[in-house]
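Only one structure is covered here, and it is reproduced in the block below.
Derivation of every value follows stated rules applied to the coordinates shown; laboratory data play no part. Keep in mind it's a predicted model, so treat the numbers as computed, not measured. Neighbour counts are summed over all protein chains in view; Cβ atoms, including those assigned to glycine, are modelled from backbone coordinates with ideal geometry.
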Amino acid sequence: MKVKWTVFTVLLFLFIFVSIPAYSQPQPYSPLALEHFKRSLEYMMIGDYYDAIISCNNVIKLDPNSAVAYALRARAYFELNEIDRALADCNQAIKLDRNNAAAYNIRGNVYVKKGDYKRAISDWQAAIRINPELEEAKYNIDLAKKEQDK
């Protein structure tokens, strides 16, 4: 099962990143961290996952509690098929912010790559509970259920 990176996902990350300082971070991101994050999104959109990882690393250095940066870096690792690194970053993002729908969504994708459809579906369901508009997770649940039935 192939899970696609979509413009919707990039916009979701941007929405989450912009809203997190207002709701869950004690201090707003520094302008430099914000610039690195924007750059990482740009790299993701053009498929330059290595540079996206470098930009996320810079955000994490400036703000080690940035669940969004860990989730975005996880997505870049996932796209590079570095599954264990993607899983570690998803786990860290969720540890930092239990309401990070993107991290659950990506971790669901990671579990599919590992062949663990049960955990994948569970994570996508968690992502949908947090963000009921997350169409990618809904679609992936349907695909995973079909794969399980084979």
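Taking 7 Å steps out from each Cα toward its Cβ at residue 113 and residue 61 produces label points 2.5 nm apart.
Extension gain for residue 83-residue 147 works out to 21.1 nm (0.36 nm per residue, less the C-alpha to C-alpha distance). Taking 27 Å as the limit for the C-alpha separation, the pairs 61/113; 95/118; 38/118; 38/146; 38/145 exceed it in the case of 61/113; 38/118; 38/146; 38/145.
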